[in-house]
1. Check C:Lys148: other-chain or 5+ apart residues with amide H under 5 Å from its amide H, H built from backbone geometry?
2. Taking 20 Å as the cut-off for C-alpha to C-alpha distance, list the pairs among A:Lys106/A:Lys165; A:Lys443/A:Lys463; A:Lys132/B:Lys85; A:Lys209/B:Lys66 that go past it.
3. Compute the angle between helix A:214-233 and the longest alpha-carbon principal axis of chain A, please, reported from 0 to 90 degrees and rounded to the nearest 10.
4. List the lysines whose Cα sits under 19 Å from the Cα of B:Lys61, skipping any in the same chain fewer than 8 residues away.
5. Through the Karplus equation 6.51 cos²θ - 1.76 cosθ + 1.60, θ set to phi - 60°, convert the phi angles of the stretch C:230-244 into ³J(HN,Hα) values in whole Hz; use x for Gly and Pro.
6. Roughly how big is the B-C contact, given as buried accessible area in Å² (both sides, 1.4 Å probe, nearest 100)?
7. Counting pairs of Cα atoms in chain C, how many percent are more than 44 Å apart?
8. How would C:Lys300, A:Lys443 line up by accessible area, probe 1.4 Å, largest first?
Amino acid sequence: MGLEVHLQLATISKIFSGSSTTFGGTPNSQACSVDLAMPGTLPVFNELALKFAVMFGLGIDAEINKISVFDRKNYFYPDLPKGYQISQLHHPIIGRGTFELFLGDKTIYQIGITRAHLEEDAGKSVHSHFDKESGIDLNRAGVPLLEIVTDPDFRSTEQVISYLKALHILVTYLGISDGNMAEGSMRCDVNISLREQGTDSFGTRTEIKNINSFRFIERAISFETNRQIDILEDGGEIIQETRLYDSELDETRSMRSKEIANDYRYFPEPDLLPIHITDDYISKIRDSMPELPLAKRSRFLETYDITEYDADVLTSSREIADYYEEVVTTCMNPKLAANWIQTELLAKLNKSEQSISESPVSAKKLGLLLSKIVDETISGKIAKQVFSVIWSTGEDPLLLIEKRNLKQMDDSNEIESIVQKVIDQNADQVKQYLSTDEQKRKKLLGYFVGQVMKSSNGKANPKAVNQILSDKLSEKS
Amino acid sequence: MPITPKQIIQISNLARIKIEQDQVNLLTEKIGEIISFIDKLKTIDTNEIEPLFNPLDAIQKLRFDKITEIDESDKFLGIAPSVRKNLFVVPKVID
Amino acid sequence: MEIHSQSIAQLSAGLQRKDFSSEEVTRAFLDRINSLDHLYNAFITVNEEEAMSAATKADQRIASGTNEILTGIPIAHKDIFCSQGVKTSCGSRMLDNFIPPYNSTVIGNFNDSGAIILGKTNMDEFAMGGSTETSYYGPCYNPWNTNKVPGGSSGGSAAAIAASLTPGATGTDTGGSIRQPSSFCGITGLKPTYGRVSRFGMIAFASSLDQGGPMAKTAEDCAILLNVMSGNDPKDSTSADKEVEDFSANLSQKIDGLKIGITFHNDAKNLDSGYQNCLEKALNQLEKLGAKLVEISLPKNSLAVPTYYVIAPAEASSNLSRFDGVRYGYRCDNPENLHDLYTRSRSEGFGDEVKRRILTGTYALSAGYYDQYYGKAQKIRRLIRDEYLSCLKNVDVIAGPTTTGPAFDIGSKNDDSISMYLEDTYTVGANLAGLPAMSIPIGFVNDCPIGMQLIGRDFEESKLLNVAHQFQHATDWHLQFPIKKNNA
């Protein structure tokens, strides 16, 4: 299998005009004279789209072509107002590169990137409003796309999904796309061809278009693979064609409209000049590139001494990684921060369906809270209570600890008097303790500690409690 | 003839130009004359020559990523032949 | 001197001296259009009311002293330049109902300078033609002899100037569409260097060849118009990032020692003897003014016409795809389905010559033919440009005929595409090479005017205008006008 991903670049204006790229406006409210292909209008290239494409190229260590050229791809379709799409055929901006995948079994699998080129998106046909007619909304026409084409290197659906997930992480790290599949910011076409076991050559391929979620990708691939197997087993032939995945019927079907012999009559877009990229431009972009996911993962493993699993979770998005690092800087305990972010923060965010950037508890506040565990001002248990409060109120954790007097009791006299009280109130258990074996003693000690903690409202320093209890009980024996 | 009636029909289909049946032969002849005329170029040796796609010896200029266009859809939709619900209306599009 | 006989420079001076008002000038030209244009069909749209109200505003601006050289001067625009609120048809049924909600940069620049739009001029449909006969609005007639074509595609602009219906106009030139009608109508026209004038809002025919330019009675007026038209436009990626000089500044410079390349002996075999005589006299005149004539040869130019007739239709076939009956322009009645909507709207909306060129261009770009036509033509284009550039290293300007002869009879070339295409023999080279070129009147053959073409180096319009102005200073071919002659 090979993949073509259409990635919507996160520019605020279109690739060749100054209209907004915001998703979901009133139909045709974001289509200016250029997007509508009004007579005499001309394209002018968006500098940020170029920068984003180069960033992607650097991100996968690909060749950046010093000269690249826009071409016209000519065909008639109502969502294509000019009657041609401005794309790149012979001289794409990004040449060969490789993409490394970490699969579940810890193996590294390399996917060859054939090329990536810039092009403009088409508009949208709306079928639901009218009976025998369609409506055309050109708001999306001219939104910048980077089409990323892979070699036919995928051998399983798992590889496809893990590539798409890794690609999603990469592009959001780079900040070049929001990678939102549901809104169509990342769309995927899959080329599938089968290979008979024991042979080297692949059969005829079909292209499945229009897949916009991980779940659908899995289902579309499985449907299409089975369809091809069935045909071949019945002695039939696969026709090279474009098929559309219909998520409602869960099937792929032939796109009749694309079947009429396509002859795109590509030629260099005469309204635009060649793009020249200098070494200086590339090195400036390289210097301003954010750390990439894999580099970050290795660094986390090395500097923070956390598990591979932790590193995977904590680098799964740039926001989580940034959050983590801020917490670590504040509390100075990488492992504690890693545990808390995963077990407390992400779990809670998951429940409330919020992203980390929407977290009610900022990294700074969580860091301060954890720093109070580290310096033994409060116990982990108290910290969880504090976390709950600041989750809903947004209060400052330090002020809260102060205000509610949650500081750990370190004064041994105070603890001693509580311990004494507990011993006095539990004479039976003490007797039992003194007369039993080591195993049962441990259990009873736990019970006494619990009682002391309870009477101190959880504030007593557990280490001190243990020490004092052991001392007192051994005095008795 | 350098071009056949069948090719003329194919090309007119690609270009979305309708040709009446009785015009095909005449048009084949007319376009054929033009093709014979431009076929002169075939004899010229152009190996090693870089094509000149644009006489302006310059590189592509760039615009900043800035929204410079306001919503003028009322004006644009106002001159369109068929509009409903802010959409350009066409006969049913079949995928 | 009557208002309509004056040049733009003279009218501008008169407005400044308050000899007359812009309202009077504008009225005078509108009256002439109303009374005479039925003879020429030079205008598709006359913009009477708006022109008069713009004239009133121009007079206020003149009174307040904030006027520029063109403030209050009425001019006409080829109907290929989009004009906000004024129909822009491009000579086609396809755009018969098209009123753009935006201005082309060229018209915007003229409006800002305070120039007044008299109307929009007739042209070959989508600028495809050399006779202004393919217009949906009917042919335009040559004011010198109304049985003759005015040339094209900017025939309406040329005829309107020749008939003194406007003191100046805009045109566009893809393969000679400013220079050839200028020659046929005895006026002065300049195709600037590719990239000098913004193409934004100028309806595209062949993107890598199209260039807007000025047309007027004199080189001096062309310089004034070009000053306003030209300049880098952020809306056009192919507009040159060149500082705009004052094209009027060097007009009166002497041309002693200027080297003029001529291909006279080579061209002579294609020209009739009348044209040859005129050209010889004009070249002698330039020598008298101090120029040195240098024989040069441009053998590759013989490939220019076929090269042009690959590139121009190929680009046109793609540029004209946007006319599909969906967002603006002509739409067929009751389309049965999408395919029917496209094919009928386009077949009913476009005329025969446009359809022929779309088909030729589609063929030249189609699978299996690209390398042999479009790819090849662009390589030959480089050979042609290189040849011009190497000649222009040794000479400042190249001079020769603009056309193969004087204006031909209306209808005489309608059935013969190739002979119509060969009309462009001398002009297409400058388009392929992107070089500036102009045509100036140098005499008459059979009572019809003919022109001389001057081709210059990239962005050296100033030099061409200087040569032309010096020539016009010494001659009076540019001062002869058909109406004046008829009246006399």
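1. Hits under the 5 Å cutoff: C:Asn142, C:Ile410.
2. Correct reply: A:Lys209/B:Lys66.
3. Roughly 50 degrees between the two axes.
4. A:Lys14, A:Lys51, A:Lys66, A:Lys284, C:Lys235, C:Lys242
5. For the stretch C:230-244, the Karplus curve yields 8, x, 5, 10, x, 8, 10, 5, 9, 8, 6, 8, 10, 5, 8 Hz.
6. Adding both sides of the contact gives about 5200 Å².
7. Numbers: 9671 of 118828 pairs.
Taking all Cα-Cα pairs of chain C, the fraction more than 44 Å apart is 8 percent.
8. Numbers: C:Lys300 70, A:Lys443 165 Å².
Per-residue accessible area, sorted high to low, gives A:Lys443, C:Lys300.
The values are calculated or read from the model by the stated rules, or taken from the named source; none is laboratory data. Because the structure is predicted, anything quoted here is derived from the model rather than measured. As a convention, Cβ positions derive from the backbone with ideal geometry for all residues, glycine included, and neighbour counts pool all protein chains shown. The protein model used for the area step is the full one, side chains on, heavy atoms only, and it has no ligands, DNA or RNA in it. Shrake-Rupley method; radii C 1.70, N 1.55, O 1.52, S 1.80 Å.
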